[in-house]
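Peer 1: If you scroll down you'll find the structure; I have some questions about it.
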Amino acid sequence: MRMKMSEAKLISGADLSQKLLSELEVRVKDLAARGIVPKLTVILAGEDPASKSYVRSKAKMCKQLGLASEIIRLDAAVTQGELLTIIHRLNSDDSVHGVLVQLPLPKGISEDIILNSIDPAKDVDGFHPANVGQLSIGAPTFVPCTPKGVMYMLDAINCDLAGKHAVVVGRSNIVGKPVAQLLLAKHATVTICHSRTRDLPSVCKTADVLVAAVGRPKMITAEYVKPGAVVIDVGINRVDGAIVGDVDFDSVKNAAEWLTPVPGGVGKMTVAMLMSNTIESAERKNKA
Ligand code: GUN
């Protein structure tokens with residue numbers, strides 16, 4: 001008779017983001033003692049409901065931590081020129097340490113041109129090509145927030161990545177590619193999969209660490225997971241009003257050893273890491 005596997009242990013984004021925030025509090029106090037308050041400015045163009053909710057949670061966490069924040073809300077009809085003018089003003093405003101343009105942008109605006117226009121020293125998202133390049137040569141300045149949050153979670157469970165097979169499903173600039181770079185920097189053997197990968201379940205099943213960042217609700221089932229693997233679910237999908245991940249939690253919990261829940265997993269880390277990058281920017285600008 002087969003023994004029933006024990007259920008996966010949860011990696012709690014709620015707990016770990018609180019731990020990170022308490023680490024950050026110390027740094028905010030140190031800066032405050034020197035008369036410095038890190039400030040994040042977020043630009044939100046248009047009415048995308050998910051973007052509005054993300055931006056609200058960013059501002060809320062700034063307040064909780066004692067950071068200054070400003071949200072610049074723009075009509076979806078804003079022109080690229082108007083947006084660039086605002087970014088240039090923020091680039092030269094000494095009181096602003098982080099400039100973040102919430103994606104996706106309204107139609108007709110080039111994401112490349114906008115991301116390129118942000119001062120790399122204020123690019124707390126880590127999306128400017130200069131920062132992407134720094135990450136790829138292993139000398140990171142600003143690391144994108146979600147990948148940084150994923151690495152914090154792996155570190156929290158003492159996951160030694162050296163020599164392990166890490167499989168990343170998804171090749172986006174925001175998550176898939178940067179998380180692959182970070183895993184590689186920790187000496188994992190990294191495979192990046194995407195929509196054209198042949199026999200995806202078999203490839204995923206060889207993973208010691210599986211990172212799902214595809215944006216397809218509950219796509220990763222137990223069939224994709226090696227028993228004992230660490231499974232990190234980056235998906236945030238809205239299905240009938242509920243938030244579900246890319247991982248089919250009820251199926252995978254019986255195969256994985258560690259698993260991140262959605263909600264209450266990676267998403268919480270992302271916002272906390274944005275605070276970390278904003279504080280880092282203020283520290284860097286004011287280093288003695
Ligand atoms: N839209 C979805 N995720 C992100 C993110 O991490 N940063 C920005 N700026 N926009 C997003």
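Peer 1: Take the stretch 147-179 and flag every residue that is away from the ligand (no atom under 14 Å from the Cβ), surrounded by 22 or more Cβ atoms within 10 Å (Cβ to Cβ) and β-branched (Val, Ile, Thr).
Peer 2: Val167, Val168, Val169
Peer 1: Please tell me if Ser195 is polar (S, T, N, Q), touching a helix residue (DSSP H, G or I) at 6+ places or on another chain (Cβ under 7 Å) and surrounded by fewer than 15 Cβ atoms within 10 Å (Cβ to Cβ). Walk me through it before giving the result.
Peer 2: On the way: polar (S, T, N, Q): yes; touching a helix residue (DSSP H, G or I) at 6+ places or on another chain (Cβ under 7 Å): no; surrounded by fewer than 15 Cβ atoms within 10 Å (Cβ to Cβ): yes.
Spelling it out, it is not the case that Ser195 is polar (S, T, N, Q), touching a helix residue (DSSP H, G or I) at 6+ places or on another chain (Cβ under 7 Å) and surrounded by fewer than 15 Cβ atoms within 10 Å (Cβ to Cβ).
Peer 1: Next question, about the same structure. Name the single residue, out of those in the stretch 6-24 being open to solvent by 10 Å² or more (accessible area, probe 1.4 Å) and not in a helix (DSSP H, G or I), that is farthest from the ligand (Cβ to nearest atom).
Peer 2: Looking at the filtered set, the residue picked out is Ser6.
Peer 1: Could you name every one of the helices (runs of 4 or more DSSP H) located completely within the stretch 65-146 that has at least 2 residues being in contact (Cβ under 8 Å) with a residue 24 or more places away in the chain and either away from the ligand (no atom under 14 Å from the Cβ) or more than 27 Å from Leu182 (Cβ to Cβ) (or both)?
Peer 2: Numbers: elements: 80-91, 111-117, 129-136.
So the answer is 80-91, 129-136.
Peer 1: Tally time: how many residues in the stretch 25-64 are within 16 Å of the ligand (Cβ to nearest atom), open to solvent by 40 Å² or more (accessible area, probe 1.4 Å) and either more than 21 Å from Thr146 (Cα to Cα) or of a type in the set (A, V, I, L, M) (or both)?
Peer 2: So the count comes out to 1.
Peer 1: When you go through Thr191, Thr206, Thr197 one by one, which is the residue that is part of a strand (DSSP E or B) and hydroxyl-bearing (Ser, Thr, Tyr)? It would help to see each step written out before you state the result.
Peer 2: On the way: Thr206 fails: part of a strand (DSSP E or B); Thr197 fails: part of a strand (DSSP E or B).
The unique qualifying residue is Thr191.
Peer 1: Considering only the stretch 136-157, state which residues are within 17 Å of Met269 (Cα to Cα), of a type outside the set (Lys, Arg) and out of contact with any Asp or Glu (no Cβ under 8 Å at 6 or more places or on another chain). Explain how you work it out, then say what you get.
Peer 2: Taking the stretch 136-157 and keeping what is within 17 Å of Met269 (Cα to Cα), we get 142-157.
Retained after the next criterion (residues that are of a type outside the set (Lys, Arg)): 142-147, 149-157.
Residues satisfying the conditions are Val143, Thr146, Pro147, Gly149, Val150, Met151, Tyr152, Met153, Leu154, Asp155, Ala156, Ile157.
Peer 1: I need the full set of residues from the stretch 85-106 which are within 21 Å of Ile174 (Cα to Cα) and surrounded by 15 or more Cβ atoms within 10 Å (Cβ to Cβ), in order please.
Peer 2: If we filter the stretch 85-106 for residues that are within 21 Å of Ile174 (Cα to Cα), which is where we start, we get 87, 97-106.
Residues satisfying the conditions are Ile87, His97, Gly98, Val99, Leu100, Val101, Gln102, Leu103, Leu105, Pro106.
The values are calculated or read from the model by the stated rules, or taken from the named source; none is laboratory data. These figures come from a predicted structure and were not determined experimentally. Note: ideal-geometry Cβ built from the backbone for every residue, glycine included; neighbour counts use all protein chains shown. The accessibility values were calculated without ligands, DNA or RNA, using every heavy atom of the protein model including side chains. Shrake-Rupley method; radii C 1.70, N 1.55, O 1.52, S 1.80 Å.
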